[in-house]
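Written below as structure tokens is the structure these notes are about.
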Amino acid sequence: MQTNELREVALALRTARTEKEPISPPTQTWPSLDADSAFEVQRITVDEAVKQGDRLVGLKLGNIAKVMQDAFGLDQPDYGFLLASTFIYEGTPIPLKDYIAPYVELEPAFVLKAPLKGPNIIIADVINAIDYALPAIEIIDSRVKDWAIGLPDTLADNGSTGAIILGGTPRRLTDLNLRDTRGTLLFNGREIMTGNTKNILGNPISAVAWLANRLAAYDVGLEAGQVILPGSCLQAMPMRETGRWTCNFDGWGTVEFDVV
């Protein structure tokens, strides 16, 4: 795709995000949009946001769990950049009107103390690079009408990122069993979905290695100090009503927020 077309895609998605009005899948309007050109759309979006005063603070991996791929009709993961403007303080009320068709995910978040850049990143490299982990919520949202997304569509939409809430219980990897930690979503005190960190590519550390190696194709690395989201441990649940979400990892920590 030509640069002017990539900028057209970025502008359409940015306008949809701002106006809360979804658009048709970009691959319908721009049939030549593929995964690689969609990632270039991401770069344009991030560059524009940074020029406007935002800050790049991390990267995310999505749809790594099969239950998530099945839910959204994808057969491989997506990924995107994390901007500071999408992070919300725990306890801050979240207006439902700020989103189009949001879903709630529970996942670990990793903060790096050393950079990771593929190819050929292995699990030991990831373990050595992680400073600590936090329980986290990602609210995913799509600027594509009815979530009718293929991989290029969600990539162009920056991995369908909506907002991130980091919990306040940091732990070293040696204090966690990320191979087998149960996660639970409750809405207004009622359990609505459970999962396990092993759903994230067997272990979310493996997912970080996958992400570092995949992004090497674009000469992108994970940097020290960045927040890395490896994907949800359970099927995302729609956020359609006002009320309180309680999102918990057994033996680790809870993240709560109110939808208003």
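The values are calculated or read from the model by the stated rules, or taken from the named source; none is laboratory data. Since the model is a prediction, treat every value here as computed from it, not as a measurement. Ideal geometry is used to build each Cβ from the backbone, glycine not excepted, and the neighbour counts take in all protein chains shown. We work out accessible area using only protein heavy atoms, side chains counted, and drop any ligands, DNA or RNA first. Shrake-Rupley method; radii C 1.70, N 1.55, O 1.52, S 1.80 Å.
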Only four residue types carry charge here, +1 at the Cβ of Lys and Arg and -1 at the Cβ of Asp and Glu. Report the dipole size of region 3-259 about the Cα centre in Debye, rounded to the nearest 20. 420
Could you work out the relative contact order of region 3-259, using alpha carbon pairs under 8 angstrom and six or more residues apart, expressed as a whole percent? 28
Quick one: divide the alpha-carbon radius of gyration of region 12-143 by 2.2 N^0.38 Å and tell me what you get. 1.16
So what is the calculated 222 nm ellipticity per residue for the chain, using -39500 (n - 2.57) for each DSSP H run with n of 4 or more, over all residues, to the nearest 500 deg cm²/dmol? -8000 deg cm²/dmol
Which lysines have a Cα less than 19 Å from the Cα of K145, not counting those fewer than 8 places away in the same chain? K20, K97
Picking from S24, P135, P152, whose Cα lies most toward the positive end of the charge dipole for the chain (charges on Cβ: Lys, Arg +1; Asp, Glu -1)? P135
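If you roll a 1.4 Å probe over the chain with all protein chains in place, what percent of the accessible area is carbon or sulfur? Could the numbers behind the result be given before it?
Details: 5290 of 11090 Å².
Taking all protein chains in place, the chain shows 48 percent carbon and sulfur surface.
Express in nm, to one decimal, how much length is gained between F87 and K113 on full extension, taking 0.36 nm for each residue of separation and deducting their alpha carbon distance.
This chain segment gains 7.4 nm when fully extended.
Give the calculated FRET efficiency between E191 and R7 to the nearest 0.05, with a Förster radius of 35 Å applied to their Cβ-Cβ distance.
On the way: r = 45 Å, r/R0 = 1.28.
That pair, E191 with R7, gives E of 0.20.
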Evaluate the Debye formula for region 3-259 with equal point scatterers sitting on the alpha carbons, no solvent, and hand back log10 of I(q)/I(0) at q = 0.07, 0.10, 0.13 Å⁻¹, in q order, two decimals. -0.21, -0.44, -0.77
Please compute the modelled spin-label separation between T246 and L56, points set 7 Å along Cα→Cβ, answer in nm with one decimal. 4.0
Give the cross-link partners of K117 among the lysines, using a straight C-alpha distance below 28 Å as the criterion and excluding same-chain residues fewer than 8 apart. K51, K60, K66, K198
Residues with amide H under 5 Å of E223's amide H, sequence separation 5 or more or different chain, H placed in the peptide plane at 1.01 Å from N; which? L116
